[in-house]
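Note sheet for the following structure.
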Amino acid sequence: MYSLVSRSKLGRPTAHTFSRGFRSCCPRSGSVASVKERIAKIDKDRPFESFRVAPALVDSFYRQHDYLRISLTEKCNLRCFYCMPEEGVELSPKEHILTDDEVIRLATLFVKSGVTKIRLTGGEPTVRKGMIDLMGRINELRQYGLRSIAMTTNGIGLHRRLPNMIRNGLTHINISLDTMDPYQFEIMTRRPGHESVLKTIEVALNSPELKSVKVNMVVMKGLNDREVPDFVAWAKDKDVSVRFIEFMPFSGNKWSKNKMVPSSELLERVRERFPTIDKAPPELNETARSWQIPGHKVRLVIMYCEPIAESRLQGSLGFISSMSDHFCATCNRLRLTADGQIKVCLFDAKEVSLRDIMRNGGTDEDLLKIIGVAVQGKHAKHGGIENVENIDVITNRPMILIGRWHPRAPKSRAVGMFSSRPSDLRRPVNTVLLRHNSTRANSLTHLDHTGRASMVDISEKTPTTRTATATGRIYIPPIAYQLVTSTYPSEDDSSSSTTSPDFIKARRKGDALTVAQLAAIMASKRTSDLIPLCHPLMLNKVAVTLAPEAPPPLSRDEERHYITCSATVTTEGKTGVEMEALTAVSVGLLTVWDMLKAVAGKEMEIGEIKVVQKSGGRSGDFTRDA
């Protein structure tokens with residue numbers, strides 16, 4: 001799996017590295033052109049030999065994802081306002097949460113594919129029943145290459161159970177503590193427990209088996225930013241790594257740029273209290289800038305990525321600048337939510353359900369294929385959004401539903417959403433599984449609780465056979481009716497009074513009703529591209545008919561000619577196809593208009609478009625009265 005060829009900082013093989021390597025082993029290799037030919041041959045024959053992980057975990061920017069964060073639960077015993085809305089969140093049904101066996105199956109697949117570090121998160125991971133035994137099962141994956149098991153926790157009540165967790169394989173722990181003031185703690189978390197967190201930190205620091213103990217502080221301007229120097233002083237003689245995390249945007253946490261304190265500003269505040277702080281040689285990796293304070297164990301580090309520490313650091317201080325000074329170029333993380341969705345970027349609302357694939361009989365090969373497509377679609381940074389103020393804080397999950405944040409989170413984009421059935425694994429669609437509050441009666445389903453547009457979450461629905469029929473009419477003058485119902489004129493008819501120039505021009509467009517029928521069928525299949533919040537569906541059948549109708553011979557003068565369009569659409573899915581039927585009818589009638597406008601552009605009228613029948617789904621069958 002390993003190659004003798006090294007890589008540049010971004011993971012790409014450098015020409016200098018290659019040429020130097022070839023000169024050492026082939027001193028008589030000749031010209032630069034010869035070297036390039038050899039490079040091309042290596043890339044062709046062994047394209048992934050230099051990667052430590054399977055190709056499915058390597059994205060288009062050559063980032064190797066060997067770090068998996070697994071959320072064990074959406075529940076938490078705190079209510080930190082930067083993590084979830086004040087009113088709480090709508091949790092997934094219990095049956096949607098991954099079982100222990102499903103967690104182990106996915107963890108095994110990732111480890112066998114090259115993941116070396118697993119971090120357990122939540123919600124609060126320690127509230128999951130049987131969590132310690134599950135950690136022990138994960139620890140058995142060391143035989144496949146797993147090197148460390150980490151956990152991010154709020155530390156509430158953990159000091160009693162921490163020794164058992166360490167015995168079951170825990171090697172790294174991150175404990176959230178945003179303030180040293182117990183009263184401020186209750187304001188920020190909406191719960192008591194400051195003393196309990198301090199006890200957990202003390203037990204962790206007195207556990208030599210732990211390779212790393214870190215304290216995470218989310219810094220918010222005007223709230224706890226003044227305490228940053230106090231945390232530095234507190235960590236002076238402790239073997240703990242204290243990292244300051246920039247306030248990040250998520251649904252319901254009322255994020256704004258004005259509440260964020262950039263790491264450069266925090267560094268200056270530390271310098272005011274500790275003016276002797278000075279740069280130190282980087283020990284962690286090339287992408288870190290380090291500072292040291294004489295007489296302190298603490299090293300001040302502004303990190304762009306977090307190394308996997310194999311030995312316990314004496315103590316360090318870091319600024320996690322996800323927003324102002326991101327480190328996406330070195331991101332190696334993937335996230336698995338508690339309900340089995342894979343997220344390749346913290347800031348991207350798109351997700352892929354690995355749970356559904358497993359429960360529908362998907363093989364490990366199927367899962368790996370889906371994971372590979374998602375990883376390949378990852379953006380360079382921040383989910384593909386250049387301006388951090390535009391990050392999607394409405395449709396993206398609240399932090400509590402993703403997994404408590406841990407440094408180096410901003411990754412890029414996940415694309416290639418898939419239908420849940422294994423038979424559809426090769427059919428990418430642009431489905432975004434989003435959550436919103438739809439529990440209120442008489443509310444618009446495509447608006448969330450803030451009134452913003454939101455796609456309906458259909459992940460809980462059961463696929464059924466669904467059918468919908470829609471109809472509509474276009475009213476046309478008699479000459480247009482004659483055009484669509486008559487046969488093509490022969491050469492002998494060229495002098496006929498009915499073949500006016502406009503009439504002939506319209507005839508040249510072809511069979512109006514056939515063209516409109518094809519247009520209607522094509523439009524129904526593209527409904528999700530035309531209607532922003534519609535779900536992409538695999539349609540089983542689309543039947544479209546266009547029937548010209550003329551008024552009876554003895555009818556009143558106001559009765560008009562018209563063409564009726566009828567579209568029946570069928571699918572096997574989680575949502576109905578009324579929109580697909582309506583789109584088919586609308587586009588079919590518009591196509592008739594376009595075909596006939598040369599002779600009837602000022603007289604035509606489209607109307608009476610409606611759904612006349614639907615079946616399947618929770619709301620039951622429906623037939624419109626005549």
May I ask you to say which residue of 599, 544, 569, 611 is in the same structural domain as residue 526 (by TED's automatic domain parsing), β-branched (Val, Ile, Thr) and part of a helix (DSSP H, G or I)? 599
Subset of the stretch 177-206 [in a loop (DSSP other than H, G, I, E, B) and in contact with a strand residue (DSSP E or B) (Cβ under 9 Å, 6 or more places away or on another chain)]: 177, 178, 179
The stretch 61-176: strands (runs of 3 or more DSSP E) wholly inside it with 3 or more residues that are of a type in the set (S, T, N, Q) are 148-153
Please give the number of the condition residue 586 fails out of (1) within 31 Å of the chain's Cα centre (by Cα); (2) outside any loop (DSSP other than H, G, I, E, B). (1)
Those residues of the stretch 598-621 that are touching a helix residue (DSSP H, G or I) at 6+ places or on another chain (Cβ under 9 Å) and either acidic (Asp, Glu) or without any contact (Cβ under 8 Å) to a residue 40 or more places away in the chain (or both) come to a total of 2
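Yes/no per residue for (1) surrounded by 19 or more Cβ atoms within 10 Å (Cβ to Cβ); (2) at pLDDT 80 or above; (3) over 30 Å from residue 371 (Cα atoms):
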| position | (1), (2), (3) |
| --- | --- |
| 464 | no, yes, no |
| 478 | no, yes, yes |
| 481 | yes, yes, yes |
| 484 | yes, yes, yes |
Might you check whether a residue that is within 15 Å of residue 336 (Cα to Cα), within 21 Å of the chain's Cα centre (by Cα) and assigned by TED's automatic domain parsing to the domain that holds residue 368 occurs anywhere in the stretch 80-92? yes
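The values are calculated or read from the model by the stated rules, or taken from the named source; none is laboratory data. Model, not experiment: these values are computed from the prediction. Cβ coordinates were reconstructed from backbone atoms using ideal geometry, including for glycine residues, and neighbour counts include every protein chain displayed.
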